[in-house]
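Take a look at the structure below.
The values are calculated or read from the model by the stated rules, or taken from the named source; none is laboratory data. Nothing here was measured: the structure is a model prediction, and the numbers come from that model. Positions of Cβ are backbone-derived with ideal geometry, glycine not excepted, and every protein chain shown enters the neighbour counts.
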Amino acid sequence: MGAVLSKDEARPAVALPIYMDNQATTPLDPRVLEAMMPYLTTKYGNAASRNHSFGWEAEQAVDAAREQVAGLIGGTAKEIIFTSGATESDNLAIKGIAEMYRERGDHIVTQVTEHKAVLDACKRLEKQGWRVTYLPVQADGRIDPGELERALEAKTVLVTIMAANNEIGVLQPVREIGRMCRERGVLFHTDAVQAAGKMALNVSEDFVDAASISAHKIYGPKGVGALYVRRRNPRVQIAAQIDGGGHERGMRSGTLNVAGIVGMGKACALAQEELEREGRRLEGLRDRLKARLEAELDYVRVNGSMEHRLPGNLNMSFVYVEGESLLMGMNDVAVSSGSACTSATLEPSYVLKALGLGDDVAHSSIRFGLGRFNAEAEVDYVAAKVIEVVRHLRELSPLYEMVQEGVDLSKVEWQAK
Amino acid sequence: MRAGAAGLAVWPRWRPVHDNGELKSGETTMAYSEKVVDHYNNPRNVGTLDKNSAEVGTGLVGAPECGDVMRLQIRVNAETQVIEEAKFKTFGCGSAIASSSLATEWIQGRTIDDALSIKNTDIVKELSLPPVKIHCSVLAEDAIRAAIGDWRKKNGAE
């Protein structure tokens with residue numbers, strides 16, 4: 001346990017370890033837990049039980065949560081389908097739309113830095129005869145809308161493009177994409193997992209037909225998510241991917257995770273309430289972190305657009321230092337790296353490579369994910385730690401030494417195996 | 001009845017759930033042996049020898065794209081064939097740094113023939129490297145061979 005805290009003003013400078021990986025997941029907000037607790041203990045009814053009060057109170061709680069989730073993205077309660085999380089939401093949206101609209105065409109457009117839940121769902125559809133266009137991204141991580149326009153065909157059924165990227169926090173031009181799709185009668189799904197609750201997102205103003213959301217990225221519980229599916233102008237239909245008792249109007253069978261859904265509702269309501277203020281606060285912390293690192297270290301670069309970016313995300317490469325060794329030196333700080341060594345495949349991040357980064361720069365990247373519970377003192381601690389460890393590792397780095405001596409590393413004949 | 005009330009009273013107000021002393025860095029959990037951590041924190045024989053000196057052999061192996069580059073340098077007494085000094089610099093993960101640091105420790109004071117008998121499996125064993133890190137030890141062995149090869153070439157032995 002860390003220090004015992006009585007009041008907010010009694011915060012210690014920093015308690016270790018520091019969690020700064022809020023794009024991976026977020027801690028449960030105590031207010032969310034409080035809202036969930038009755039549904040984990042005394043109010044255990046099945047929301048589908050229609051003939052007693054246990055069922056009714058569960059159903060009421062789910063309905064209230066549905067309003068809260070819909071409210072966050074400007075939809076209506078009837079347009080929300082609860083799922084087990086964003087991976088399921090992405091699969092349901094993409095496969096469900098593909099199956100339902102098969103007679104309309106055989107073409108889907110997505111882009112290369114999507115989450116694997118989207119990319120792999122598209123790959124599955126390719127095996128079933130669909131054609132999928134994977135749009136490239138520009139150096140700043142955003143797609144070129146002109147390129148999307150050229151990719152759209154008469155046979156295009158669906159465009160699925162994320163609102164914000166999980167690694168680099170870069171925002172795609174959702175409204176522009178949505179408008180383009182709407183004008184052409186193409187359905188538009190967006191993976192809004194990282195964006196929802198962190199930035200303004202409105203399914204009406206942004207012309208979104210389907211959107212995936214997850215609870216645990218916004219201080220809610222793991223194992224619960226939602227899919228927004230538009231009900232009018234146009235009415236979007238999806239084919240269920242899980243069959244059973246006909247829950248969620250038949251689109252997603254399975255007993256509802258009432259406590260999780262209540263938590264997700266509360267998490268959405270809190271995120272909406274605090275969105276602007278929290279966004280400004282996180283941006284301030286993020287910029288402070290960036291400024292410190294850039295002031296003290298040379299050969300650092302930000303990966304992805306700074307202008308179009310989630311407030312809490314900073315993805316930086318500390319060139320000539322390998323990411324895993326950097327993480328090893330900051331073992332009291334939880335962040336992520338795009339280094340191959342931290343992935344199961346031993347391949348560096350496909351997202352960073354899509355920006356045109358060389359493997360060596362991708363290997364040097366760290367993702368800082370700031371969140372609701374990060375304080376300024378933690379940012380200062382992390383900045384100081386990164387600076388210290390990068391300096392230590394550059395003392396050890398033959399590449400850094402060679403560059404200092406004026407060697408062009410791209411001209412060296414490396415003896416790679 | 002409020003079943004949650006008792007639990008919530010002790011709930012930290014601003015650092016919930018992850019404050020359990022355990023830390024997960026990156027996408028996968030990684031455990032390092034004590035020896036790897038020691039070499040990482042206190043690397044032995046970091047530095048640079050004059051690569052133009054006839055006494056010095058330099059081995060540069062790996063590639064930046066692969067995430068590992070090791071440079072190992074040796075100063076050899078031509079008469080005794082003993083490696084009197086070894087220095088390294090490594091770009092790579094903690095295991096790569098430890099493997100090359102260990103290699104300099106092991107070869108210093110040995111004859112070059114003796115140094116060539118060091119196998120990557122010896123390094124794996126000493127540092128308790130997991131299977132995914134075996135390539136680090138291979139690279140260290142390659143670096144020793146490359147440095148010795150360079151010295152021999154300079155000194156007309158090859």
Scan the range A:94-126 residue by residue and report those that are in contact (Cβ under 8 Å) with a residue 60 or more places away in the chain and more than 21 Å from the chain's Cα centre (by Cα).
A:Gly96, A:Ile97, A:Ala98, A:Glu99, A:Met100, A:Tyr101
Quick one: in the range A:22-54, which of the residues that are surrounded by 15 or more Cβ atoms within 10 Å (Cβ to Cβ) and aromatic (Phe, Trp, Tyr) is nearest to the other protein chains (Cβ to nearest Cβ)?
A:Tyr39
Test for A:Ala58: is it among the aliphatic types (A, V, I, L, M), assigned to a helix (DSSP H, G or I) and surrounded by fewer than 21 Cβ atoms within 10 Å (Cβ to Cβ)
no
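Residue-by-condition table, conditions (1) farther than 24 Å from A:Asp21 by Cβ; (2) modelled with pLDDT under 95:
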{"residue": "B:Pro16", "(1), (2)": "no, yes"}
{"residue": "B:Ala31", "(1), (2)": "no, yes"}
{"residue": "B:Cys66", "(1), (2)": "yes, yes"}
{"residue": "B:Val76", "(1), (2)": "yes, no"}
{"residue": "B:Glu85", "(1), (2)": "yes, no"}
{"residue": "B:Phe88", "(1), (2)": "yes, no"}
Condition first: buried (at least 23 other Cβ atoms within 10 Å of the Cβ), small (Gly, Ala, Ser), closer than 30 Å to A:Glu153 by Cα and over 15 Å from the mean Cα position of the chain (by Cα). Can you find one or more residues in the range A:195-212 that meet it?
yes
Looking only at residues that are within 12 Å of chain A (Cβ to nearest Cβ) and touching a residue at least 24 places away in the same chain (Cβ under 8 Å) in the range B:50-63, which one is surrounded by the most Cβ atoms within 10 Å (Cβ to Cβ)?
B:Gly62
Kindly check whether there is at least one residue in the range A:66-83 that is without any contact (Cβ under 8 Å) to a residue 24 or more places away in the chain and of a type in the set (Asp, Glu).
no
What are the pairs with Cβ atoms under 7 angstrom where one residue, in the range B:127-153, is of a type in the set (A, V, I, L, M, F, W, C) and the other, located anywhere, is surrounded by fewer than 18 Cβ atoms within 10 Å (Cβ to Cβ) and not in a helix (DSSP H, G or I)? Sequence gap at least six, or different chains.
B:Leu127/B:Ser33
Hey, does the range A:254-269 have a residue that's outside any loop (DSSP other than H, G, I, E, B) and touching a strand residue (DSSP E or B) at 6+ places or on another chain (Cβ under 6 Å)?
yes
